[in-house]
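The values are calculated or read from the model by the stated rules, or taken from the named source; none is laboratory data. Note that the structure is a prediction, hence the values are computed from the model and not measured. Ideal geometry is used to build each Cβ from the backbone, glycine not excepted, and the neighbour counts take in all protein chains shown.
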Amino acid sequence: MAATAPQAAPFFLGNVTRHVEGRRFFSRHTLRSPARIAARDAVQRYVREPRAAGSKLLPALLANYLGGVAGYTSVLFLVAIEHHAGELEMFPDPGPDETPDQYYTRQFRATRNFVRCPKIDNFLERILTEEVAFENRPDFRIFYGGLDTHIEHHMFPDLPPNRQREIAQAVRAIAARHGLSYHETLLLESIRMFLKAVTGLSTPLGEREFGRPLRLLAQPISLARRLAFGVAYKSLPDAPYLDKPGFHNVRVKVLSSNSVANGQARWVRLQKPRGWDDVRWDAGAFVSVRVEVGDEALVRQYSLVHDSDGSDAMEICIKRVAGGRVSNRLNDTLRAGKYVTLVGVPASTGGLAMTTVPRKSLFIAGGVGIIPIFSLIRKIAREATDSDAVLLYFNRDDRSIIFERELREIADRSGVRVHYFTDKPSDRRDITQGQLSQILIKRYVRDASDRETYMCAPPAMIDLAERDLRGVGLDPAQFHTESFTPPNLTRPADDGRRYTVRFRRSDRSVEIDGATTLLEAAGRAGIRVPTGCERDLCRACVTPKLSGTTQLEAAGAPLDRITVCNSLACADIELDL
């Protein structure tokens, strides 16, 4: 690594970036930019400058090589020692909902400053005095490259090191006031700590196993698996190394996976991740699943088929969709023992979340819309068997019915009345050919106006049901619905104004009008952003906004983090992408 540092450094940094972004290393997107930088540096360092030296070509070539090796190695060493020296806490990805208080607390707990060392000071002082003497030399601490203000850098990254040194005492006082440690270590001592930390990280032992290394020898399969993943530079999906549980982009294990509805859907049971014992969700909640398809990160929402009291695992049902890039892929590949990525904990913010069981209720499901409805009916069957509940379940044909056996068992056990309807005629006597209408509602649910009504179906069917239920006297406040189809975003007419969207980390910019979302702007700039619902529901695309105003903030308080999928620019915008 050191011998090829000048050309290897861009690939090293590119690998760090792709690891954070969850990309594959051997891909055009990851390798293109480092290859361009390394090639440009090689031409300058080994061709142009030595050739310009004339008769001193070989000395210049050797000096450029050795200088590059020394310079890049020292920089990489400083970066490594800043983040791996000492027994600091390690944290999983906090996700988009981390508060500023939580962020700053994490910086204190996971960062340390490196105190100036007299031996190094004396060595540098001698060189400056005897070999490179100059007048009005800068603050001696610049030779530490900001290592002595690493905490301040994490707290205030936009400040230069000299200003960070000015506020160091104030930052130390803040830490003391809030009972947080202000970690400091002599620089030379940190080298020993760094070597110890790197050695520890290079072994297949996790935080929970430190001090008990022999226990891993009793698990030869686990040991061999860890070594194989380490050689391939891949993270184990079950994350055995980090002691803290993760709640954002968490890999979860598939406990069981069964085909249902004659192969048209897959019922999947997921293991609760470690540390999720206290995570609660209501009937009607959903989870967001992230899937890598080529170079894209796609996010889809799937309803949970029970509330958190209904099982010690998480269950979802994934219906095949014509042309579906994610649902069909999961149906084909998701089997017991595999892993899938959850963007976050289950969300109970949808319109179908049921916290208490109503005395009288009506449920209407269209096709795959039965999945969240099934969760609500399970809750009724478990908690309120005396509740008066009716389900109207619509499908294309009798082969498309999901959860039929389970629904019939619930109906027999709890008294929930279930009526099945199909577009095509069925030979089965308990399935009726018919479509949703006001006449059908009056025939099967005469007191529909008195019931809390929950519906999940395609948008057109929901609109039809809302009109028909209003016609039989249902109060709109009693109508609860959910559809994962994104609503139409209200885009303003083009008034000729243009805004610049700058992506700081990527150092790219695009010009857009006021009707272009920031997600679309990122796509034009070639920047990948995880996307899913595109309506501020899954929060997969939450991005820090550094400056500017969107239509979501125009009449309210400014936002530090925004969902770029539904944000339109009202001024020049800078995003941390």
| said: Looking at (1) in contact with a Ser or Thr (Cβ under 7 Å, 6 or more places away or on another chain); (2) more than 27 Å from H419 (Cβ to Cβ), which one does K319 not meet, given that it meets all the others? | reply: (2)
| task | Only residues that are closer than 28 Å to I527 by Cβ and among the hydroxyl-bearing types (S, T, Y): list them for the stretch 33-61, please. | result | S33
| When residues of the stretch 307-325 are filtered for being under 15 Å from V368 (Cα atoms) and either part of a loop (DSSP other than H, G, I, E, B) or of a type outside the set (K, R) (or both), how many remain? | 8
| query | If you take the residues of the stretch 284-298 that are assigned to a strand (DSSP E or B) and touching a residue at least 60 places away in the same chain (Cβ under 8 Å), which of them is surrounded by the most Cβ atoms within 10 Å (Cβ to Cβ)? | reply | F286
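Could you list, in sequence order, the residues of the stretch 524-542 that are modelled with pLDDT under 85 and among the hydrophobic types (A, V, I, L, M, F, W, C)?
The first filter runs over the stretch 524-542 and keeps only residues modelled with pLDDT under 85, leaving 528-542.
V529, C533, L537, C538, A540, C541, V542, listed by residue number.
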| remark: By residue number, the members of the stretch 255-268 that are part of a strand (DSSP E or B) and surrounded by 17 or more Cβ atoms within 10 Å (Cβ to Cβ) are S257, V260, A265, R266, W267, V268
| task | Report, by residue number, each residue of the stretch 543-577 that is modelled with pLDDT under 90, surrounded by fewer than 20 Cβ atoms within 10 Å (Cβ to Cβ), of a type outside the set (K, R) and not in a loop (DSSP other than H, G, I, E, B). | result | P544, L546, S547
| note | Among H183, H153, the single one that is assigned by TED's automatic domain parsing to the domain that holds S74, in contact with a Leu (Cβ under 7 Å, 6 or more places away or on another chain), surrounded by 16 or more Cβ atoms within 10 Å (Cβ to Cβ) and within 17 Å of F108 (Cβ to Cβ) is H183
| task | Consider E98 carefully, then state whether it is assigned to a loop (DSSP other than H, G, I, E, B), of a type in the set (D, E, K, R), closer than 30 Å to I174 by Cα and at pLDDT below 85. | result | yes
| request: Within the stretch 72-126, count every residue that is touching a residue at least 24 places away in the same chain (Cβ under 8 Å) and within 13 Å of L187 (Cβ to Cβ). | output: 13
| note | Within the stretch 510-530, residues being assigned to a strand (DSSP E or B), surrounded by fewer than 21 Cβ atoms within 10 Å (Cβ to Cβ) and under 24 Å from the mean Cα position of the chain (by Cα) number 0
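Okay, residues lined up against (1) modelled with pLDDT under 90; (2) exposed (fewer than 14 other Cβ atoms within 10 Å of the Cβ); (3) of a type in the set (A, V, I, L, M):
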{"residue": "R23", "(1), (2), (3)": "yes, no, no"}
{"residue": "H29", "(1), (2), (3)": "yes, no, no"}
{"residue": "S33", "(1), (2), (3)": "yes, no, no"}
{"residue": "A39", "(1), (2), (3)": "yes, yes, yes"}
{"residue": "R51", "(1), (2), (3)": "no, yes, no"}
{"residue": "G68", "(1), (2), (3)": "yes, no, no"}
{"residue": "F77", "(1), (2), (3)": "yes, yes, no"}
{"residue": "A85", "(1), (2), (3)": "yes, no, yes"}
{"residue": "L88", "(1), (2), (3)": "yes, no, yes"}
